[in-house]
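The values are calculated or read from the model by the stated rules, or taken from the named source; none is laboratory data. All of these numbers come straight from a predicted model, not from anything done at the bench. Note: ideal-geometry Cβ built from the backbone for every residue, glycine included; neighbour counts use all protein chains shown.
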Amino acid sequence: MAETTTVYPQETAPGSLITRDGQIQWAGLLMGPGTPYEIDRTGITGWDDLPVLDTGDIVRPDQHGAWPGARWAQPRLIGASVWLLPRTAGQARAVAAAFRAATGADGGEQWLAVRLHGETLAVRARVSRRVVPQDRSFVVHGASRTSLQWTATDPRRFGTVLREARAHLPAPEPGLDWPRTAGATPAGLHWPLEWGTSGAAGTCTAVNGGGAAAHPVIEFRGPVRQPALTRLADGRRLRYDIVLGPQDVLTVDTESGTVLLNGTTSRLYTAAPDSAPEQLFHLPPGSTELAFRAGDTTPDPRASATLRWRDAHW
């Protein structure tokens, strides 16, 4: 039987502190209703906009228009005006210090999560602009209307739930167990019939609930020889000429295009000639049927292929 999409539980979801609409979580700092960091009535900019697109269109030399080419989205710019509103003047220093610590220029990309109308989406971003006016209201009460801007190099927004699908190598069903006796007469079958355990189809279904392509992280676990994962809709596959032992894990990151053995050593060179470039192996919106296969004559039931991804949205 085919295996379906489940939730991967061993992870803290982006926006885990958010409890109501209009709240924003960034670097452990919760902003919005019910916090000392209220969002201005102008709201958030760039969050639900389609990013600027670069196109590979080629102008036709002998007629109107152009030949359509590939389209790629530029980084997403998200802006928000945030009010620093300490409850008392005595809390002004702590409120401002926490805001500065969370919105500094150090560190890499982190999750920026926003909840609107009951839906929480998140992007990986960095703070690219911070303006904190030092006016009289700030000096006396600690209140200030600040401006923040984040840059998300990957413009897609993602669901907060990390999803998982797993497939094992195909295995036949054992069928009926026909008991035997020591004498000449067989024991025969008795109700209820024992059909044995279910077989494995070696397939799984990955469901991307967003409107943009999602790039999964794929783990091949041994023991297995020449593991391969194929998209059944178009035949695009990833296949690696490698032998994995019982403790080995080959991790393929289709976003960054890396192939690591046990999380440390690159094995990108083991890609077979019929293997697609890793970054072209994505999950389109909707359901994707995948098949896990190997070069083993006798499949080992411990071998598996696991995909993890988030629903991707524009």
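Some notes on this structure:
- Looking across segment 127-144, just one residue is out of contact with any helix residue (DSSP H, G or I) (no Cβ under 6 Å at 6 or more places or on another chain) and surrounded by 18 or more Cβ atoms within 10 Å (Cβ to Cβ), and that is V127.
- If the condition is being free of Cβ contacts under 8 Å to residues at least 24 places away in the same chain, outside any loop (DSSP other than H, G, I, E, B) and more than 16 Å from G295 (Cα to Cα), then segment 206-259 contributes T258, V259.
- Subset of segment 213-234 (residues that are within 12 Å of the chain's Cα centre (by Cα) and surrounded by fewer than 19 Cβ atoms within 10 Å (Cβ to Cβ)): A213, V217
- Taken together, R100, R129 contain a single residue that is in a strand (DSSP E or B) and either basic (K, R) or touching a Ser or Thr at 6+ places or on another chain (Cβ under 6 Å) (or both), which is R129.
- Failed criterion for T185 (all others in (1) modelled with pLDDT of 85 or more; (2) over 21 Å from the mean Cα position of the chain (by Cα); (3) among the β-branched types (V, I, T) hold): (1)
- Candidate set from segment 256-278 (those that are among the polar types (S, T, N, Q) and in contact with a strand residue (DSSP E or B) (Cβ under 9 Å, 6 or more places away or on another chain)); member that is surrounded by the most Cβ atoms within 10 Å (Cβ to Cβ): S275
- Taken across segment 242-251, residues that are more than 20 Å from R163 (Cβ to Cβ), surrounded by fewer than 20 Cβ atoms within 10 Å (Cβ to Cβ) and in contact with a strand residue (DSSP E or B) (Cβ under 8 Å, 6 or more places away or on another chain) do occur, with at least one present.
The rows are residues; the columns are (1) at pLDDT below 95; (2) of a type in the set (A, V, I, L, M, F, W, C).
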| position | (1), (2) |
| --- | --- |
| G196 | yes, no |
| A200 | yes, yes |
| E219 | no, no |
| A233 | yes, yes |
| R237 | no, no |
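- Matching residues in segment 100-128 - criterion: being closer than 11 Å to G159 by Cα and of a type in the set (V, I, T): V114, T120, V123
- Residue in segment 126-143 that is under 22 Å from the mean Cα position of the chain (by Cα), under 14 Å from W26 (Cα atoms) and among the small types (G, A, S) present: no
- For segment 260-305, the candidate set comprises residues that are among the aliphatic types (A, V, I, L, M) and part of a strand (DSSP E or B); within that set, the residue that is nearest to the chain's Cα centre (by Cα) is L283.
- Check on R308, assigned by TED's automatic domain parsing to the domain that holds I242, assigned to a strand (DSSP E or B) and surrounded by fewer than 20 Cβ atoms within 10 Å (Cβ to Cβ): yes
- Test: S287 is under 29 Å from G210 (Cα atoms) and either surrounded by 18 or more Cβ atoms within 10 Å (Cβ to Cβ) or not assigned by TED's automatic domain parsing to the domain that holds N208 (or both): no
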